[in-house]
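Readers should treat all values here as calculations from the given coordinates under stated rules, not as data from a laboratory. Remember, predicted model here, so these are calculated numbers, not experimental data. Counting neighbours? That spans all protein chains shown, and the Cβs are built from the backbone with ideal geometry, glycine included.
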Amino acid sequence: MNTKLAGDKSYQRQLFFKRYGIVFIMIGMILLLTFTTKNFLSYNNILNVLSTISINGCIALGMCIVITAGGIDLTVGALLAWGSIVAGLVLQSTESIALACLAAVITSALMGLLTGLMIAQFNLFPFVATLAMQLVVRGLATALSGGASFPIAVSAFTKIGLGKVFNVIPIPAVILLALIIIAYILMHWTKFGRYVYAIGGNKNAAVASGVNVYWVTVWTYVISGLFTGISSLIMTAKINASQPNIGVGYETDAIAACVIGGTSFAGGVSTIPGTVVGIIIIGLIYNGMNLIGVQSYWQTVCKGLLIVLAVLLDKAVNKKR
């Protein structure tokens, strides 16, 4: 009896750590940076963190949905460049901010649709298919721009990346919050979300249960493309220029945020709140290292090691009992 109780308590501790351990890590990082740096809690730095994490955050939310379904999306970095070029070209010809935003987001979603169809129709490995599409999309963005960067013609467009709501909250943070709510509803309150978890957990069982695996898989990539298209608008507005070479390596930041937040590479395990915590942790790492004065190449090393540790933690926490 005592052994059973001890086992139950051990399981409860494991479950508690699985659910909330990452939150304590985030709190620990905030406390560490508060006491080791001078400007971490300053108003300007907090606004900078909120604005910076919005770019990776929008991408990571879409990535979380794809990974939960058992896939991966390596096109997101290239889609940042694609959306940036499309928005810039539309603004040059029409100066319509609304049309530029729609063009960037819709075409990015269409790229996601094409990727999803390739994977679902031909049963390609997501890693291979998205790696190939990454090259295609990056090449198309470079071809459209002629390989050159160009400034945004409409200065009001920069408000998307640099503006503030009520002159207090950065607009990128508001956009990220809206996408968090949308992603949470999709994944935790809708039939689509249940299907995504079912496919990632056991694809064959999902098929046997009547889940339309084909179109659910396709839609995960469409959503990822759409969210990345929104992120491309924020990034383009922040730098006030369209550039075909932006977004390199951003897929690793998004994957890191997902895995740190508890999303399993095996599929079927994730939470949107956990991914949000992962997004914040990645932002804290970059911001903290910048405040301390760590060189960018060491930041990259730390990010890689962090992904390895997160994957090892995922294997340890989600192993079969």
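Values computed for the structure shown
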{"read-out": "Average Cα contact separation per residue, the range 134-271, under 8 Å, 6 or more apart, as relative contact order %", "value": "36"}
{"read-out": "Residues with amide H under 5 Å from that of LYS164, placed H, sequence gap 5 or more", "value": "ILE171"}
{"read-out": "By average C-beta atoms within 10 angstrom, highest first, the peptides 79-86, 265-272", "value": "79-86, 265-272"}
{"read-out": "Burial ranking of peptide ranges 206-216, 191-201 (average Cβ count within 10 Å, highest at the top)", "value": "191-201, 206-216"}
{"read-out": "Within-13-Å neighbourhood charge of ALA173 [Cβ basis; K, R +1; D, E -1]", "value": "+2"}
{"read-out": "Cα shape, the chain, gyration tensor, a/c 1.5 rule", "value": "oblate"}
{"read-out": "Net +/- balance of residues flanking CYS58 in space, Cβ distance below 14 Å, scoring K and R +1, D and E -1", "value": "-2"}
{"read-out": "Whether the range 198-308 is rounded, prolate or oblate, judged on the alpha carbon gyration tensor where a/c under 1.5 counts as rounded", "value": "oblate"}
{"read-out": "Taking the C-alpha atoms of the range 79-197, convex hull volume expressed per residue in Å³", "value": "135"}
{"read-out": "Mean residue ellipticity (222 nm) of the chain, computed from DSSP H runs ≥ 4 via -39,500 (n - 2.57), nearest 500", "value": "-26500 deg cm²/dmol"}
{"read-out": "Total charge dipole magnitude, the range 177-319, about the Cα centre, Cβ charges on Lys, Arg, Asp, Glu only, Debye to nearest 20", "value": "260"}
{"read-out": "About the Cα centre, charge dipole magnitude for the chain (Lys/Arg +1, Asp/Glu -1 at Cβ), debye", "value": "1020"}
{"read-out": "Pairwise Lys count, the chain - Cα closer than 13 Å, eight or more residues apart or different chains", "value": "4"}
{"read-out": "Ordering of 159-172, 225-238 by burial proxy (mean other Cβ atoms within 10 Å per residue, highest first)", "value": "225-238, 159-172"}
{"read-out": "Rel. contact order, % - alpha carbon contacts under 8 angstrom, at least six apart, the chain", "value": "32"}
{"read-out": "DSSP H segments from the chain that extend 24 Å or more along their own axis, Cα-based, with Kyte-Doolittle mean of -1.0 or above", "value": "2-36, 43-68, 76-94, 97-122, 126-145, 171-189, 213-239, 272-292, 296-317"}
